[in-house]
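A quick write-up on the structure given underneath.
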Amino acid sequence: MDKLRIRGGRPLRGQIAISGAKNAALPLMAACLLTEETITLRNLPHLADITTLANLLAQHGVDIHLNGKGTSYEGRVVELSAKRIVSTMAPYDLVRKMRASVLVLGPLLARFGEAKVSLPGGCAIGPRPVDLHIKGLQAMGARIDIEGGYIVAKAPDGGLKGAEIVFPQVSVGATENLMMAAALADGVTTLVNAAREPEISDLAHCLIAMGAEIEGHGTDRIRIVGRKVLHGAVHDIIPDRIETGTFVMAAAITGGDLELIGARLDDIRSVATVLSGAEVAITETPRGMRVRRLNGHIVGVDVMTEPFPGFPTDLQAQMMALMCTAQGAAMITETIFENRFMHVPELSRMGANITVHGASALVRGVPKLTGAPVMATDLRASVSLVLAGLAAEGETVVNRIYHLDRGYERIEEKLSACGADMERLKETD
Ligand code: UD1
């Protein structure tokens, strides 16, 4: 397995181009199942999770054409055609690799009247059930049984019916799955207490371009009028706000000065607000945003993760890395996922002073971190160790970086171009 070797202590300076958003691209790719015409997605990031979903769609029979080598900073263009679907079954072997695979359930059921999708199973950051996806589809008339670890779903004879669905808890994936299903259902569907993440609006924009009628995306009440058929569309994927936030933390933790090209401040307002309290300056530029420290040091600030527009759980680990060398203490509370503090013992091995009490971690700032061999078990935890390594004295080796490759495009290339001393060690090195 590849590793990353980082020699810390160099301020990052320069420009980094932000890639297309992974969490927008995944539901957008699944949306191709809603039509027999071609969906063209531009600005597709080059990531392992994208390949995983492409493999799943291909086994359903989707014809996939990828243009661009994935080395250009403009991102790639993918054409997806679900004209000839050969199977409505999503097998365990593919779904278990990535929970977002469950996003094929709504579109398959809505268009073909049936779907058999493996339950994703547990993952490193907690149980992550899919009950909200299932209950929503049942409210639209689907008959759903769990058989042998699979969700076996059938739509009534006339297809799915519009319904009012009130989510007891905000779920990004369930909002996306049901929005896609509702776009082909008979009648009006209203999603109440819906997720408001920018990725939801990105999906809504694409569905609207495909002929769907959707109002209220970006609010907690989305109204979808179902259509009999949807057609093809061309859509630009939004920039990745989590990659943006990660590089914001990278500039701050190293005392550097970065311009993030293509980044959208509106998508990370809560992060910018929290970081201004930590004395990190984030300003808009004509091409994106600029990040640097305000007074040469970072100040400890408290933060709690929340659904959008709150502080994203996907930036919690990176924020914790930043707080490790802040002046003063920071209380970091995780409200979205259980068991999302796996980075804590690894950061501690680098000299951080962190105490976990239930869903909160108290980080007492230390003057410096020191390099160490470290390892993480999920994507965001891994990148928090990269950030810590960039700031630490000495050498850090981050093991198991296949997690990073799931969500960060050419991270070592992007950071090295701004002065980071880091290299990928191939398995054979
Ligand atoms: C998406 C993101 C992920 C992010 C998360 C929260 C993608 C591909 N992934 O994941 O990076 O961390 O949003 O912002 O977009 N829940 C249930 N029942 C369900 C569904 C969810 O109890 O049926 C719970 C989950 O366990 C979790 C919470 O709801 O505690 C939020 O999960 P959800 O918003 O659904 O996350 P994902 O869509 O899986």
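A short reminder: the numbers here are calculations on the coordinates, not readings from a lab. Not measured: the values here are computed from a predicted model. Every residue, glycine as well, gets a Cβ built from its backbone with ideal geometry; the counts of neighbours run over all protein chains shown.
Considering only C-alpha atoms, what is the centroid distance from segment 268-291 to segment 380-428, in Å?
23 Å
Sorting 402, 150 on the 10 Å Cβ count, fewest up front, what's the list?
Details: 402 12, 150 18.
Least to most surrounded, the residues fall as 402, 150.
Tell me whether segment 1-106 comes out rounded, prolate or oblate; compute the Cα gyration tensor, take square roots of the eigenvalues as a ≥ b ≥ c, and use a/c under 1.5 as the rounded threshold. Numbers along the way, then the final one.
On the way: a/c = 2.79, a/b = 1.75, b/c = 1.60.
Taking the square roots of the gyration eigenvalues as a ≥ b ≥ c, segment 1-106 is prolate.
Explain nothing, just the number: relative contact order of segment 160-219, from Cα pairs under 8 Å at least 6 residues apart, as a whole percent.
Rounded, it is 38 percent for segment 160-219.
Show which lysines lie in cross-link reach of residue 228 when reach means a straight Cα distance below 20 angstrom and same-chain residues fewer than eight apart are skipped.
83, 154, 161
Kindly write out, for segment 323-339 in residue order, the coupling ³J(HN,Hα) from the Karplus curve 6.51 cos²θ - 1.76 cosθ + 1.60 (θ = phi - 60°), rounded to whole Hz, with x marking Gly and Pro.
The phi angles translate into 6, 4, 10, 6, 7, x, 10, 9, 9, 10, 10, 9, 10, 8, 10, 6, 6 Hz.
Could you tell me the distance between the Cα centroids of segment 90-106 and segment 297-320, to the nearest Å?
For segment 90-106 versus segment 297-320, the Cα centre distance is 29 Å.
Positive end of the dipole of segment 258-346, charges at C-beta (+1 Lys, Arg; -1 Asp, Glu), about the Cα centre: which of 331, 271, 295 has its Cα farthest in that direction?
Of the candidates, 295 comes out farthest on the positive side.
Beyond 27 Å, what share of the Cα-Cα pairs of the chain remains, rounded to the nearest whole percent?
Numbers: 46799 of 91806 pairs.
Within the chain, distances greater than 27 Å cover 51 percent of Cα pairs.
Once amide H atoms are placed 1.01 Å from N in the peptide plane, what residues at a sequence separation of 5 or more from residue 311, or on another chain, have their amide H within under 5 Å of its amide H?
306
Using modelled backbone amide H atoms (1.01 Å from N, in-plane), which distant-in-sequence or interchain residues come within less than 5 Å of residue 394's amide H?
For residue 394, whose amide H was placed from the backbone, the distant partners under 5 Å are 8, 371.
For segment 385-396, what does the Karplus curve 6.51 cos²θ - 1.76 cosθ + 1.60, with θ = phi - 60°, yield as ³J(HN,Hα) per residue in whole Hz, taken in order and with x for Gly and Pro?
Couplings: 6, 4, 4, 4, x, 5, 8, 6, 7, x, 9, 10 Hz.
Kindly provide the helix-only [θ] at 222 nm of the chain, computed as the sum of -39,500 (n - 2.57) over DSSP H runs of four or more divided by all residues, to the nearest 500 deg cm²/dmol?
Values: 14 runs with 130 residues, N = 429.
So the calculated ellipticity at 222 nm is -8500 deg cm²/dmol.
Nearest-5 percent of antiparallel DSSP beta bridges in the chain? Spell out each step's value before the answer.
Numbers: 61 of 85 bridges.
Bridges in the chain that DSSP calls antiparallel: roughly 70 percent.
Between residue 416 and residue 348, what is the spin-label point distance in nm, taking each point 7 Å from the Cα along the Cα→C-beta axis?
My value for the distance between the label points is 3.4 nm.
Using every pair of alpha-carbon atoms in segment 367-427, split the distances into 10 Å bins beginning at 0 and state the percent of pairs per bin, rounded to integers.
All Cα pairs, binned at 10 Å, distribute as 22, 60, 18, 0 percent.
How much of the DSSP beta bridge set in segment 340-429 is antiparallel, as a percent to the nearest 5?
On the way: 5 of 9 bridges.
Antiparallel: roughly 55 percent of the beta bridges in segment 340-429.
Order the peptides 155-165, 252-262 from the highest to the lowest mean number of other Cβ atoms within 10 Å of their residues. Each step should come with its number before you reach the end.
Details: 155-165: 17.5, 252-262: 22.3.
The most tightly packed comes first, giving 252-262, 155-165.
How long are the semi-axes of the equivalent ellipsoid of segment 210-310, taking √(5λ) for every eigenvalue λ of the Cα gyration tensor, in whole Å from largest down?
Working: eigenvalues 246, 55, 16 Å².
They are 35, 17, 9 Å, listed from largest to smallest.
For segment 185-190, in order, what is each residue's ³J(HN,Hα) by Karplus, 6.51 cos²θ - 1.76 cosθ + 1.60 with θ = phi - 60°, in whole Hz (x at glycine and Pro)?
7, 8, x, 9, 10, 10
I need 313, 35 ordered by Cβ neighbour count within 10 Å, fewest first. Let's see the in-between values first.
Values: 313 19, 35 24.
Lowest count first: 313, 35.
Expressed in nm to one decimal, what extension gain is obtained for the pair residue 283 and residue 83 from 0.36 nm per residue of sequence separation less their Cα-Cα distance? Please report the intermediate quantities before stating the final value.
Working: separation 200, 0.36 × 200 = 72.00 nm, distance 4.55 nm.
Between residue 283 and residue 83, full extension yields 67.4 nm more.
Give me the distance between the Cα centres of segment 1-70 and segment 188-227, rounded to whole Å.
Here the two parts' Cα centres lie 23 Å apart.
Could you give the alpha-carbon Rg of segment 319-429 over 2.2 N^0.38 Å, rounded to two decimals? Can you show the working numbers first?
Details: Rg = 13.9 Å, N = 111, 2.2 N^0.38 = 13.2 Å.
For segment 319-429, the normalised Cα radius of gyration is 1.06.
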